[in-house]
Amino acid sequence: MNRDALIEDQCMLVKKIVDDLKKITGQEARLETVLAVYEQVNKWLLSAKIQAEREKIREKRNSDKDGKDAPPTRKQLRFIEDLGGDPKGFKTKREASAWIEKHM
């Protein structure tokens with residue numbers, strides 16, 4: 001997100017806070033109240049963003065926990081060759097393992 005879009009988003013957030021506080025209280029909100037709510041909302045948004053990033057990292061770490069997305073081992077490639085296959089076509093341990101299982 002570029003700087004101008006970020007500023008526009010933050011201004012829209014402040015406007016929404018002002019409008020919502022007016023609806024709730026029936027009167028214009030004080031600047032201190034708007035700023036306090038704005039700070040809290042930004043903390044929540046940042047916290048949610050951090051949580052989402054951590055979850056992505058966790059998912060990536062768990063998806064490759066068994067190392068199956070790593071390149072095939074020399075042993076796998078030799079075994080594929082011994083079984084009559086072309087070892088150059090495999091990019092991951094998972095692919096090599098599946099081929100070996102199928103051709104044993």
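The values are calculated or read from the model by the stated rules, or taken from the named source; none is laboratory data. Just so it is clear, the structure is predicted and the values come from calculations on it, not from any experiment. Glycine also receives a Cβ, built like all others from the backbone with ideal geometry; neighbour counts cover every protein chain displayed.
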Fill in the blank from the handout: The residue that is surrounded by the most Cβ atoms within 10 Å (Cβ to Cβ), considering only those in the stretch 54-95 that are in contact with a Ser or Thr (Cβ under 8 Å, 6 or more places away or on another chain) and either modelled with pLDDT of 85 or more or hydrophobic (A, V, I, L, M, F, W, C) (or both), is Pro72
Practice task
Consider Ala29 carefully, then state whether it is surrounded by 11 or more Cβ atoms within 10 Å (Cβ to Cβ), assigned by TED's automatic domain parsing to the domain that holds Ile17, small (Gly, Ala, Ser) and out of contact with any strand residue (DSSP E or B) (no Cβ under 8 Å at 6 or more places or on another chain).
Solution key: yes
Problem - Candidates Arg74, Arg54, filtered to the one that is over 20 Å from the mean Cα position of the chain (by Cα) and not aromatic (Phe, Trp, Tyr) - result: Arg74
Fill in the blank from the handout: Taking the stretch 9-35 and keeping only residues that are within 16 Å of Leu45 (Cα to Cα) and of a type in the set (Asp, Glu), one is left with Asp9
